[in-house]
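Report on the structure given below.
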Amino acid sequence: MDSLKKIIKIDNLLKELFRKKQWEEKLGLHSVFENWPQLVGEGIASRSRPHLIRGTVLWVNVSDSVWMQQLHLQKMELLDKINRNMPGKGEITDIRFLLNVDAGQQPEPDNHPAKQVELRPIDPDQLKSFQRLITSITDDEMKGRLLRLWTKNHQRSVPLEDNSK
């Protein structure tokens, strides 16, 4: 009979666990990821995005250094906007900005038809010469990337004739 007195409802146990671990507050802080455009506006959201939250510090990826400077100047205003619209008791205490070109707006699709090009082969002697040049590089990944970059740069592209005219 004593064991029946120790039975605790799972919902009460979870409520207590959430309270002790302050998970509800932390979940509220992370709503910034879902609501970024609404919190900061479409203009800023097109050039930045939240990256992570450490403690109560929000780290934001920014597309370029000009936007990073602009957002740094607006940091207090952004903090105020974010915290006013944050669900729960949680509060972001600081914003740090990271330069990340992938955070920018995706380029507009080009409506012009792509020109077809023919890639000419690379001169084998030039290729061998470049390969000898990079033999002193010990990092195989770096060596491979340099070779791919060199190859791409040295392939001479020639637009194909448009016979439809």
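The values are calculated or read from the model by the stated rules, or taken from the named source; none is laboratory data. The structure presented is a predicted model; accordingly, all values stated were derived computationally and were not measured. As a convention, Cβ positions derive from the backbone with ideal geometry for all residues, glycine included, and neighbour counts pool all protein chains shown.
Couple of notes before you dig in:
- Meets criteria (at positive phi and either modelled with pLDDT under 85 or not acidic (Asp, Glu) (or both)) for residue 104: no
Residue-wise test of (1) at pLDDT below 90; (2) in contact with a strand residue (DSSP E or B) (Cβ under 8 Å, 6 or more places away or on another chain).
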residue	(1), (2)
49	no, yes
62	no, yes
70	no, no
74	no, no
80	no, no
87	yes, no
91	yes, no
95	no, yes
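- Search result, residues across region 76-104 that are touching an Asp or Glu at 6+ places or on another chain (Cβ under 8 Å) and surrounded by fewer than 18 Cβ atoms within 10 Å (Cβ to Cβ): 79, 83, 88, 89, 99, 101, 104
- Per the listing 129, 136, the residue uniquely loosely packed, with under 10 Cβ neighbours inside 10 Å, modelled with pLDDT of 80 or more and either in contact with a strand residue (DSSP E or B) (Cβ under 6 Å, 6 or more places away or on another chain) or not in a strand (DSSP E or B) (or both) is 136.
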